[in-house]
Amino acid sequence: MSEPIKFFLPGPSYVPEDARQAMTKPVVGHRSAGFKDFYVRLSARLPTVLRTAGDVMVATGSSTLMMESAVISCVRQDVLNLTGGAFSERWHAISKSLGKAADKVSAPWGQAIDPDLVRSALRRKRYEAVTIVHNETSTGVMNPIAEVARAIREESDALILVDTVSSLGGGRVETDEWGLDVVLAGTQKAIAAPPGLTLLTLSERAAERAAKVPHRGFYTDLLRYLDKHREGGPITTPAVSLFYALDVQLDRILAEGMEARWARHERLYRRTAEWAAAHGCEYASAPDARSVTVSCLRAPAGVDPQAIVKGLAQRGYTIGGGYGDWKPTTFRIGHMGEVRESDLDALLAETDQILLNLTPERVAAPAAR
Ligand SMILES: Cc1ncc(COP(=O)(O)O)c(C=O)c1O
C-alpha cells in the first residue's frame, strides 16, 4: 500500500487499492461450493478481530440494520439505552420505533457514560438489554465499555448490546473478556473495507434469550444469521463483491496484528492531540474519554470549522465537519483504518497552512511529530 491517504472522514474511511481491485472479480453464486469455501475461510478469521471464541457473521446491510436487528431479536419489552451522542441516540430511536419500553441514561455530549449511573438505573428497574455505543463518532468519545459492562453484569442479567462501528479494528474491543453479548460493526470505518457490510457476533446467552423472543422478522432475525452461518453461508443473497474486499482487508489486519493495530491508532490519536494543543484546537471530548479513531475538535477562536473543512477540500484532503448540534463549532478528523503517521502528518501540515490563512496573526507552529 503506497498511495498517500488524503481521506480522513470519520467513516467511511480510505479503502486500499488492492481491496478495491478485489471487487472486480467475477460474482459467483452464493450457494455454490466455491463461495461456501470462501465464506468459511473469511469468517474463520473474524473471531480474532472481535476477540471472541464465538461465531462472527457478516451481514449485508449497514450497521443500523444490525442495531435494529439486535433490538428486535433480543428485547421483548424493556430496554435501557445509554446515550451521549447521535449514534447512541439512534439505539433509543430504534427501540422506541419498535414500540419497546425504552429508557435512557444520558451523558452530556463529550462525556463518557458513567458506570455508576448505569448501576442506579439497573437497580430501579429490570431490563432485558442495555445498548451502548463504544465509540461515539459524532463526539469523538470512547466509552469505558469494560467498566460499563462490568456494572451491567454485576447489577443485572440484561444483555449487553454494543455498537463498535467506529472502534473495531482501531481501538481495543474484547468481546469475551468484557462479557459483551452482541457486538456489531460496519466494515467502513477502522476495518477500512467499503461500506455495506456489518460484522456481528452474539453470545450463547443472547442466542438462548433470542430464541424466546417472538416475531424476530426475517432479515432482522439474529438467530437466522447464526443458523445460516453455521451451515457455511449468509441468510440471503450477499453483496459478494464487498465480501471480496473484506477478505483482502482481513488479511491486512491480521498481518499487522490486533495489538499493533491498536497501538498505531493510539499513536495517531496522540499525534493529533499534540498538534491540536499547539494550534488552539480544543478537544470537544473529555480528556479521559477520547477516541483513538476520531478526534472531534473545536476550531480556534474566531475560526469557522467549515472553513477548515473547505480549505482542506481545496487541497485534496477530506475531513469531517461537526455532527448535529455541534456542526457550527467542531470539525472531525478520522484517523482510522489504514491511515499511517506520514499521512496524518501531511494532513496536519496542510491544516497548519489553512489556519495561518484564516488567522494571519497566528504564527504557524510546526506539525506535531
Ligand atoms: C458509532 C456509529 N454507529 C452507527 C452508525 C450507523 O452506521 P450505518 O450508517 O453504517 O448504518 C455509525 C455511522 O457513522 C456510527 O458511526
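Observations
- Hydrodynamic radius (Kirkwood) for the range 27-73, which is based on Cα pairs only, to one decimal in Å: 12.4
- Long-range Cα-Cα pairs in the range 255-369 (distance over 23 Å), rounded percent: 24
- A simple rule links phi to the HN-Hα coupling: the Karplus curve 6.51 cos²θ - 1.76 cosθ + 1.60 with θ = phi - 60°, which for the range 306-312 gives 5, 5, 5, 4, 5, x, 5 Hz, with x for Gly and Pro.
- Point-charge dipole on Cβ atoms (K/R +1, D/E -1) for the chain, about Cα centre, debye to 20: 620
- If you run the Gaussian network model on the chain, springs between alpha carbon atoms under 10 Å, then out of VAL105, VAL79, VAL162 the most flexible one is VAL105.
- Portion, in percent, of the accessible area of the chain that falls on carbon or sulfur, probe 1.4 Å: 52
- Pairs with C-alpha atoms separated by more than 21 Å, drawn from the list LYS36/LYS228; LYS96/LYS327; LYS104/LYS327, are LYS96/LYS327; LYS104/LYS327.
- Translational diffusion coefficient (Stokes-Einstein; Kirkwood radius from C-alpha pairs) of the range 94-150 at 10 °C, 1.306 mPa s, in µm²/s: 128
- Reachable aspartates and glutamates, given that their alpha-carbon falls under 16 Å from the alpha-carbon of LYS100 and they are not under 8 places away in the same chain: GLU68, ASP78, GLU89, GLU128
- Toward the positive end of the charge dipole of the chain, with +1 on the Cβ of Lys and Arg and -1 on the Cβ of Asp and Glu, the farthest Cα among ALA44, LEU348, MET67 is that of MET67.
- log10 of Debye I(q)/I(0), alpha-carbon scatterers only, for the range 248-300 at 0.13, 0.14, 0.20, 0.30 Å⁻¹: -0.40, -0.45, -0.71, -1.14
- Rounded to whole Hz, the Karplus (6.51, -1.76, 1.60) HN-Hα couplings of the range 35-43, x for glycine and proline: 5, 4, 4, 4, 4, 5, 5, 5, 6
- Accessible area expressed per residue, the chain, with surrounding protein chains retained (probe 1.4 Å, Å²): 39
- Counting only heavy atoms of the protein chains and using a 1.4 Å probe, TRP326 has close to 40 Å² of accessible surface.
- Taking amide H as placed 1.01 Å from N in the peptide plane, GLY232 has no amide H partner under 5 Å among residues 5 or more places away or on another chain.
- Hz values of 3J(HN,Hα) by residue in the range 316-333 - Karplus curve (6.51, -1.76, 1.60), Gly and Pro given as x: x, 10, 10, 10, x, x, x, 10, x, 4, 8, 4, x, 10, 10, 9, 10, 10
- Cα centroids of the range 171-236 and the range 291-325: 33 Å apart.
- For the range 177-218, Kirkwood radius (reciprocal of mean inverse C-alpha pair distance, Å): 12.1
- Translational diffusion coefficient (Stokes-Einstein; Kirkwood radius from C-alpha pairs) of the range 106-230 at 20 °C, 1.002 mPa s, in µm²/s: 139
- In this structure, the amide hydrogen of VAL294, modeled 1.01 Å from its nitrogen in the peptide plane, lies closer than 5 angstrom to those of HIS335, counting only residues at least 5 positions away or on a different chain.
- All Cα-Cα separations within the chain were binned at 10 Å from zero, giving a P(r) of 5, 25, 32, 24, 11, 2, 0, each value a whole percent of the pairs.
- Spherically averaged projected area in nm², based on the convex hull that wraps the Cα atoms of the range 4-144: 11.5
- Beta bridges from DSSP with both residues in the chain: antiparallel share about 50 percent, rounded to the nearest 5.
- Accessible surface ranking that places the most exposed of ARG205, ARG261 first, with a 1.4 angstrom probe: ARG205, ARG261
- Given R0 = 35 Å, the distance between the Cβ atoms of LYS327 and ALA33 translates into a calculated FRET efficiency of 0.10.
- Its DSSP H runs of at least 4 residues, each contributing -39,500 (n - 2.57), put the calculated 222 nm mean residue ellipticity of the chain at -12500 deg cm²/dmol, to the nearest 500.
- Put simply, the convex hull of the Cα atoms in the range 39-105 casts, on average, a shadow of 5.6 nm².
- Reported value for the range 62-178: 93 Å³ per residue, from the convex hull of its C-alpha atoms.
The values are calculated or read from the model by the stated rules, or taken from the named source; none is laboratory data. Quick caveat: nothing in here was measured; it's all calculated off a predicted structure. Cβ coordinates were reconstructed from backbone atoms using ideal geometry, including for glycine residues, and neighbour counts include every protein chain displayed. Each accessible area value is taken on the protein alone, full model and side chains, heavy atoms only, with ligands, DNA and RNA left out. Shrake-Rupley method; radii C 1.70, N 1.55, O 1.52, S 1.80 Å.
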